[in-house]
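The values are calculated or read from the model by the stated rules, or taken from the named source; none is laboratory data. Remember, it's a predicted structure, so these values are computed and weren't measured experimentally. No Cβ is skipped: glycine too gets one built from the backbone with ideal geometry, and neighbour counts run over all protein chains shown. The accessibility values were calculated without ligands, DNA or RNA, using every heavy atom of the protein model including side chains. Shrake-Rupley method; radii C 1.70, N 1.55, O 1.52, S 1.80 Å.
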Amino acid sequence: MTDTLAPAAQATASFLTDGATSVLDDAKRQLAAAIDILGYDDGLHAMLAVPRREMTVGVPLRRDDGTQQVFIGHRVQHSLTRGPAKGGVRYSPHVTLDEVRALAMWMTWKCALLDVPYGGAKGGVALDPAALSMSELERLTRRFTTEILPIIGPERDIPAPDIGTDERVMAWMLDTYSVASGYTVPGVVTGKPLALGGSRGRASATSRGVVHVALRALEHVAVPASGRTAAVQGFGKVGRDAAKFLTDADISVVAISDQYGAVYNGAGLNILDLADHVDKTGRVVGFSAAEALPPHELLELDVDLLVPAAVESVITVENAPRVRASVIVEGANGPTSTAADEILARNGALVVPDILANAGGVVVSYFEWVQGNQAYWWNAQDVEDRLSEKMSRAWDDVVSTARIRGLTLRAAAMVLAVERVADAHLLRGLYP
Ligand code: NAD
């Protein structure tokens with residue numbers, strides 16, 4: 001196990017500039033652009049660019065057949081300035097430390113933009129959850145939780161579900177942490193089952209927020225939502241309910257993909273039937289009321305609204321010139337590379353950035369934490385109303401900053417968020 005505090009000064013410069021993976025590069029470029037607009041100096045830039053704490057752990061697992069395997073996991077706390085660190089845990093074969101660093105940084109900006117009192121964190125274990133049995137997944141989760149136990153907790157760092165994890169994984173994390181503490185600590189994770197103190201509305205909160213801002217964005221470009229078309233990439237926790245809520249808003253979802261393929265129906269997909277098909281077969285392809293679509297074509301369809309809700313770096317410099325949607329709402333974290341973003345802006349597309357578009361999840365995670373702290377649970381309508389109020393306020397803030405400063409929505413969201421974190425840092429001062 002290595003527990004590495006923030007790199008020393010000589011490493012700072014390299015963290016800002018050296019050859020990172022593209023997703024971390026994109027996160028750093030977005031920060032650098034905001035720093036430039038805000039006129040902050042190099043010292044403050046470094047303070048905001050370098051994670052406060054990183055932990056990389058080997059996670060040994062005894063497989064069901066008796067053999068032993070070690071997986072690599074990470075937890076990165078990018079910022080603790082505005083409150084405890086907050087962010088999901090991802091189980092995916094593609095997890096790397098740089099990816100987790102980028103995702104942790106985006107969580108800091110997201111929490112600041114939505115004005116929830118958290119810093120940003122992220123965690124992940126490089127593994128394919130589909131290749132493990134349920135009991136292997138439980139053992140792996142409990143061991144990973146034990147390894148990162150010294151740095152998590154309701155007042156330190158609060159994990160939540162992300163790609164490849166769900167409320168069951170959160171229940172195991174809660175139990176492992178609670179057993180080690182000697183009493184039940186519901187506030188150590190969010191996105192947990194209702195029976196363990198989860199919040200009503202948490203499971204669908206990210207999707208609800210995505211659709212909330214998608215409707216505001218269509219209104220912003222003076223396109224009536226009713227009768228419009230949409231394509232959604234990803235049919236997991238975010239994509240599935242986003243497609244459903246879009247349909248509820250009378251938007252025709254004509255194409256949906258997952259990691260195995262894509263399906264298309266020009267008259268609109270029946271999302272509930274598709275969800276039944278996916279529950280039975282595990283994938284969207286083969287759905288009888290649709291035709292198969294080459295997955296890369298989904299992003300280039302002639303639709304009004306595109307919702308990438310799967311993984312990062314899918315809209316690139318290569319395919320961005322062929323993206324025809326006039327509004328792109330980033331359900332996923334980091335789906336658009338910096339260079340692609342510039343192409344989309346030049347082509348007149350309105351991109352609603354991830355730190356705004358998919359923030360519904362962390363907002364209701366915050367509500368879950370507040371309810372847990374008060375030991376008083378709200379009804380579904382309370383959660384929905386407060387979520388919609390927070391999303392609306394953030395949307396209005398971003399749009400007005402974009403208008404006043406002449407920025408894209410992404411640049412405006414970053415400027416607002418970075419300024420809030422910097423203000424908090426400057427007020428607290430540098431210790432010692
Ligand atoms: P998930 O694991 O529940 O679902 C991911 C979906 O994407 C699956 O349908 C998978 O098959 C599909 N997918 C994977 N690779 C793909 C590819 N190359 N092309 C098309 N589809 C692909 O994960 P999720 O929780 O829905 O997360 C999706 C994205 O949303 C991630 O970027 C995540 O960080 C972000 N996000 C999630 C939440 C949340 O509350 N779950 C909150 C904010 C942001």
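Miscellaneous remarks
- Where a residue in region 68-86 is in contact (Cβ under 8 Å) with a residue 12 or more places away in the chain and its partner, wherever it lies, is open to solvent by 10 Å² or more (accessible area, probe 1.4 Å) and in a strand (DSSP E or B), with Cβ under 6 Å and at least six apart: VAL70/GLY58; VAL70/PRO60; ILE72/ALA126; HIS74/THR56; VAL76/GLU54; GLN77/ARG53
- Elements of type helices (runs of 4 or more DSSP H) contained in region 274-388, each with 3 or more residues being over 25 Å from THR247 (Cβ atoms): 338-346, 360-374
- Scanning region 300-320 for residues that are hydrophobic (A, V, I, L, M, F, W, C), in contact with a helix residue (DSSP H, G or I) (Cβ under 8 Å, 6 or more places away or on another chain) and either away from the ligand (no atom under 12 Å from the Cβ) or more than 25 Å from THR165 (Cα to Cα) (or both) returns LEU305, VAL317, ALA320.
- Single unsatisfied condition, ARG200 versus (1) away from the ligand (no atom under 13 Å from the Cβ); (2) touching a helix residue (DSSP H, G or I) at 6+ places or on another chain (Cβ under 8 Å); (3) assigned to a helix (DSSP H, G or I): (3)
- PRO159 being assigned to a loop (DSSP other than H, G, I, E, B) and touching a Gly at 6+ places or on another chain (Cβ under 7 Å): no
- Residue match in region 260-271 (condition: assigned to a strand (DSSP E or B), open to solvent by 30 Å² or more (accessible area, probe 1.4 Å) and more than 9 Å from the ligand (Cβ to nearest atom)): yes
- The number of residues in region 149-174 that are away from the ligand (no atom under 16 Å from the Cβ), charged (D, E, K, R) and open to solvent by 60 Å² or more (accessible area, probe 1.4 Å) comes to 2.
- Some residue of region 280-293 being more than 11 Å from the ligand (Cβ to nearest atom), within 21 Å of VAL323 (Cα to Cα), of a type outside the set (Ser, Thr, Tyr) and out of contact with any Phe, Trp or Tyr (no Cβ under 6 Å at 6 or more places or on another chain): yes
- Residue among ARG428, ARG420, ARG403 that is closer than 27 Å to GLU368 by Cβ and open to solvent by 70 Å² or more (accessible area, probe 1.4 Å): ARG428
- Complete set of residues in region 55-68 that are open to solvent by 20 Å² or more (accessible area, probe 1.4 Å) and either outside the structural domain of ARG101 (by TED's automatic domain parsing) or of a type outside the set (Gly, Ala, Ser) (or both): THR56, PRO60, ARG62, ARG63, ASP64, ASP65, THR67, GLN68
- Annotation note: Cβ proximity below 6 Å between a residue of region 346-358 that is within 17 Å of ASP162 (Cα to Cα) and a residue that is open to solvent by less than 30 Å² (accessible area, probe 1.4 Å) and assigned to a loop (DSSP other than H, G, I, E, B) (sequence gap 6+ or interchain) occurs for ASP354/GLU330; ASP354/ASN333; ALA357/GLU330; ASN358/GLY331.
- Subset of region 234-257 that is assigned to a strand (DSSP E or B) and buried (at least 21 other Cβ atoms within 10 Å of the Cβ) - its residue that is nearest to the ligand (Cβ to nearest atom): SER257
- With respect to being assigned by TED's automatic domain parsing to the domain that holds GLY88, assigned to a helix (DSSP H, G or I) and within 16 Å of the ligand (Cβ to nearest atom), THR146 falls outside the description.
- Here the condition is being under 28 Å from ARG90 (Cβ atoms) and touching an Asp or Glu at 6+ places or on another chain (Cβ under 8 Å); of PRO353, PRO294, it holds for PRO353 alone.
- Top-ranked residue of region 69-124 - restricted to ones that are of a type in the set (Phe, Trp, Tyr) and open to solvent by less than 10 Å² (accessible area, probe 1.4 Å), ranked as farthest from ALA332 (Cα to Cα): TYR118
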